[in-house]
1. Which one of B:133, B:164 is surrounded by fewer than 24 Cβ atoms within 10 Å (Cβ to Cβ), more than 10 Å from chain C (Cβ to nearest Cβ), polar (S, T, N, Q) and on the phi < 0 side of the Ramachandran plot?
2. Before we move on, is residue C:265 closer than 28 Å to residue B:108 by Cβ and small (Gly, Ala, Ser)?
3. In the list A:98, A:70, which residue meets the criterion of being within 23 Å of residue C:534 (Cα to Cα) and either more than 10 Å from chain C (Cβ to nearest Cβ) or not in a helix (DSSP H, G or I) (or both)?
4. Which condition does residue B:201 not pass, out of (1) within 25 Å of residue C:473 (Cα to Cα); (2) within 11 Å of another protein chain (Cβ to nearest Cβ), if it passes all the others?
5. Checking residue C:498 against (1) outside the structural domain of residue C:335 (by TED's automatic domain parsing); (2) over 18 Å from residue A:148 (Cα atoms); (3) buried (at least 24 other Cβ atoms within 10 Å of the Cβ), only one condition comes out false. Which one?
6. Could you please find all residues in segment C:20-31 being away from chain A (no Cβ under 12 Å) and surrounded by fewer than 22 Cβ atoms within 10 Å (Cβ to Cβ)?
7. Run residue B:155 past the list (1) more than 14 Å from chain C (Cβ to nearest Cβ); (2) closer than 30 Å to residue B:327 by Cα and report the number of the one that doesn't hold.
8. Hey, among A:95, A:46, A:12, which residue is surrounded by 19 or more Cβ atoms within 10 Å (Cβ to Cβ) and not hydrophobic (A, V, I, L, M, F, W, C)?
Amino acid sequence: MRRFSERLNLTDVIMFIIGALILLLVVVGSAATLYAGKYTTRQWLDLVVFGVALGSIYALIALGYTLVYGILRMINFAHSEVFMAGPFTAYFLADAMGKSGFLDQNLFVGLLIIFAVSMTVSTIVAILLERIAYRPLRFAPRLVPLITAIGASFFLQYFFRGLYGPNIKVYPEIAFLKNVIRIGDLNIQYLQVLVIAAAALMMIGLQIFIQRSRTGKAMRAVAEDKQTAALMGIDIDQIIVITFVIGGALAGAAGVLYALMFKQVNFIMGFIPGIKAFTAAVLGGIGNVPGAMVGGMFLGIIESIGPTLFLDGLNVPAPQQLKDAIAFTLLVLVLIFRPSGILGEKLAQKKA
Amino acid sequence: MKARFLFVAMLAVAIGLVVSACGPSTPPFQCKDKLGCVDIAPNDSVHIAYAFVTSGENSTLGLDTKYGAEIAVDDKGGKVLGHAVKFDGQDSGCNAEGGQTAATKIAADKTIVAVIGTNCSSEAVPGAPIIANAGLTMISPSNTAPYLTDPAKRAPGYFRTAHNDKVQGAAAAEFVFKQLKYTNVATIHDGGPYTEALANVFADSFRKLGGKAVVEAVNVGDKDMKPVLTRVAAGKPELIYFPVFIAEGGFICAQMRDVPGLEKTTMMGADGIFSPDFLKACGKNVVGMYFSSPDFSAFAGGYQALVDKYLKKYNQKSTLAPFHAHAYDAMNMFLTALENPAVTVKDADGTLHVQKQALRDVIAATKGFKGVTGNLTCDPTGDCADPKIAVYQVNADNFSSLTMPKNPIWKQGQ
Amino acid sequence: MLSNPDRSYPIKIGLLSGVIAVLIALEGMIQAFGARDIIGGVISLGHALLYATFFAAAYLAIRRSGATRLVNTIFVGALSSLIASIFVIALVWLGSWTDLGYVFVNATQPLYELLTFKQGLVVGSLLMLIVGIVMGILAALTVALPAKTRQYILTPVIWVITLGVLQDLVTVTIQNMPFLKPVTNFLYVSNGLSIPGALTIFVLLLAINYFWLEKRSAAQNRYASLPPASRRAVRWGSIGIGVVLLLMLPQILGLYLSEVLDNVGLYLLMGLGLNIVVGFAGLLDLGYVAFFAIGAYTVGVLTSPELGHAVIIGNWWVALPFGVAVAAFAGILLGIPVLKMRGDYLAIVTLGFGEIIRLLALSDVLKPFFGGAQGTRSIADPDIGPLEMTWSPQSFYYLFLAGCILVIFVSTRVKNSRLGRAWMAVREDEDVAQAMGIDLVATKLLAFGMGASFGGLAGAIYASKLTSIFPHSFNFLISINVLSLIIIGGMGSIPGVVVGALALVGLPELLREFSDFRYLLYGAALVVMMLVRPEGLVPEARRAMELEEFREEEEPAKEPVVLKTMGQP
């Protein structure tokens, strides 16, 4: 009994109350919304599909954060600009191909070219970033590279703004991808299938690469302990560059998927998805590849379904405005109960 | 010796006579103006400043107005009363602190005679009083928030050629209710002061007319609009009015038809997206969409010429937003006022004395000024716009040629 | 031969600077700066930028190649800057052959005309090549000069450029002192410095620089040889002058620069607050703007008559303590759930907290309380008692000054107290600190609470200064700026925060004219500053020690075996 009261101090109680209050609000809100029955099953399913598609993109970007974090223990703030650079550059190609009709006739080849260009540009930016802004500071206190990352992020945003202009550019519309598959109440566009499938494939591929390949093993070794890995004869510089290459390529691919889904690209397009993806990475347990996937999906679905499900029944006006507030509140809730994320290991707490 | 002296003396008298004849026959200018004067030496330029958003996401708005005002200067041959016009300014960033800093920097420069700005209403709230305290006069080409010309709070010397949100929101509601005969609508804003005010004025006016209106909101920077549209769809509206900017408007418009229940719902936007860029951002869904906007067809004959000059000089179709004409008019109001002898006194040597209070008074007394946005008359609260709101509809030709429709399908008061 | 570093360096550096010069041109900098003359009619800022790139290429190449004989250095320098200038010409030729404007917005005819000096393609290209070679030769000559002479010349040149660039600011400031008007009239023409003006500045500064460098040690010796009593007198005298200057500053600097100082003061207050959380206690907070917002909104809501609340406090000074207290309370409240989180989990939760506060202030739900998107307007002025006055940036300066002095005083006292040492222990190693008997909960919550209260104070003054607050003003970028300034200044160091605020808030304000490139330059400056001085501009003594270790470790960086994990938690 004494041990129990000793462990239960005031802050724990307050934390428990905060957690309980959030949960209560979620439960009451959801019950009220569902009881009112304003939305049909089909609409709920639609919301889930939108969320999963958005979550897939978040997850792909989150992988870049998670990989770099796992190895360098730094938040690569400029990753959102790596994500922007690829599709923003590839736009000109996509636009030209769209205007000439090439894209509609040879959809597969056209998309392949756009992906290749975007991934290449993003990868180059990621490599330069590592070489110029991060490598010289690899052993500096952790906040120093964070500031260079922030600086690089500003620089890259406005660099590309100066190069390609401040206006919104619009990717061509591909009619084929607008077709819809119907399974009962479930409606999915080809585009959404493409986004979800491509993201899933890349993530599974990455997981296999990290678990099975020699380089993947080396990456894990470096993430675990740089010092020992170096003693084992692993070239740390090379592994770090490979990490940035993978993160950059995935971001470039995510950028094209994003551009196909939302059409508009401009210099600031990476900022918000970047923050969301970083949140997703933390939510899933930073440094953890499946975690990024889970975190991304969770965030995407909450953003899509959360405001309506939790707040509609409480008669809150314009709840969609609060979707980020809901997402961050649930993040706090998750971290209260699992301080190192949904899939984070106990170990991560020590290192983070 | 004596003769020589006489000669010199006579010469001196003669020179003295000549000099006095050429010299100031009128007494030198003395500033009696309540707010003081700006003196412009013969070789100096007349300095007019702007406070516009020239950086960041909203820079299209700032550049559009800047270009419009610059063309007005060009049309005057770059000169007023024989002095070159210097038109430069400060980035006001589309936020309150940017507006304050820009206004302070302008207020600190004592060579400035007049100010054109600001772009965003939030800039003017702290900015206008600073400009007012410096004794300057300011005309905004794009502030639309109602409270800026609220008599109790308006800063003296603040005027605008942009129409008040109250006008546009009410006009749009009238069109939807009376012309389209819809009774159930929804409106979406993005949390910005302009869109929030406009959406609410629209919804309130619509309810007053007897219809049902729901207000929904997203955030600036949101991409996935399908969730909010799904919410809207549950109310089965006949029309959705989204007076937002190009990015968010483009997302809403492009994703609209993907949401079940909204396949046939009519779309309507406002002047913030009345731009070819929006047609691109939205894609083919835009065909058939309505826009409430200033009635460009009612603009004086000079409007098309202005657009042509704009495109020729800046070669940037994409910055063409709705407020360049308002900026053009604002600049012309200043240039015309400065030429008024009641405002500017010109010395024989070309020195100008601009009387600040007189400038304010002359601008305030503007009546039936022939601008490209209409006949401008300033009311005592500072609203100078000739608010003719019209509704346009985009057709397939507009979309394929990426041009905005020229002729409105509906005009207010008809 | 390429393997020989003597030959390949100039080529490599030339190629690199060529790419950089082309990118500068494509960014639109040359065009934008081309409209601004440093010296009226002689050289524009845009061209100066291009020449500087060539010069830097040549200088670097010479330095790296290790050439010593003048002939060799001239060859190396001219080669690399020539290569760079060839890139620029290639851009012009490519641009006139095909339309680059489809991709690059700034690749327009006016740019090409600028790059060819409006002399047509062929003549202009030749001129540009000549400029390239001349810059290379100049660089070689500069290298050949004795180090001291180089120093004498460099400073005045930098000053001439600075004064040319800051023309607007200088002339506007001098308008306050009409007796100085003839000086500005002499120094400046309508666009840039006048030629005699530039020469005068150069010669004057050369002389000053010479005397300063030559006689400084003599003056120092004399000061050192003074008796202690007079030395104290000198010290107190200079402190006295400093205080008087600090009090007179707004009058001397005029309206606009006072406004800039106010902004510096605002960020200084926030920086000192965040410095407690991040610098002292080592808790990474990316949502510091939340407390700033809470302070501002508390005061705004309490004093604004527009929202129609039941409770309205007309007096700002009465509302102020509420603002500070509510912010501090919010700090502690945020502190509780994040007690167990470390490092970057903490960062993301605090970031989320900042966003939640902004979104709530913006939301339609809470519009009746906070005004939603239309903000809270007509916030009270900080009038003292019945004394009503017009509040200008100059009067707010004193409020910020008082606030900063108070906060600096508190920070300094706390830093050297038991609590301050506990924070530092937590920062270095939480587990060890706990084992030593430090109450982690109380220590961390106090850090959050105190840091937040400073933010609340900043918010309260800000609300009154703007008289209106909008949710958009409280975005994530403010948190980022505040964090950057304390790290640039030197984390944990109080003078560092002051220097950081001046550097990151004051300097960009002065460049407001070049708004298009502000963030570009700001971002580049952040990266460069961190690469050159990772410990910050005025590092804390303890930190500097740690960094020393890092520097020593960096030396054998060629080998992959570097035995240290990243920094402290």
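1. Just one listed residue meets the conditions, B:164.
2. Judged against the criteria, residue C:265 is a match.
3. Step by step, each of A:98, A:70 is checked, and only A:70 is within 23 Å of residue C:534 (Cα to Cα) and either more than 10 Å from chain C (Cβ to nearest Cβ) or not in a helix (DSSP H, G or I) (or both).
4. (2)
5. Single failed check for residue C:498: (3).
6. Once the filter is applied, which keeps residues that are away from chain A (no Cβ under 12 Å) and surrounded by fewer than 22 Cβ atoms within 10 Å (Cβ to Cβ), segment C:20-31 yields nothing.
7. (1)
8. Result of the check over A:95, A:46, A:12: A:46.
The values are calculated or read from the model by the stated rules, or taken from the named source; none is laboratory data. Keep in mind the model is a prediction, meaning the values are calculated, not measured. Quick reminder, even Gly has a Cβ in these numbers, built from the backbone with ideal geometry, and neighbours come from all protein chains shown.
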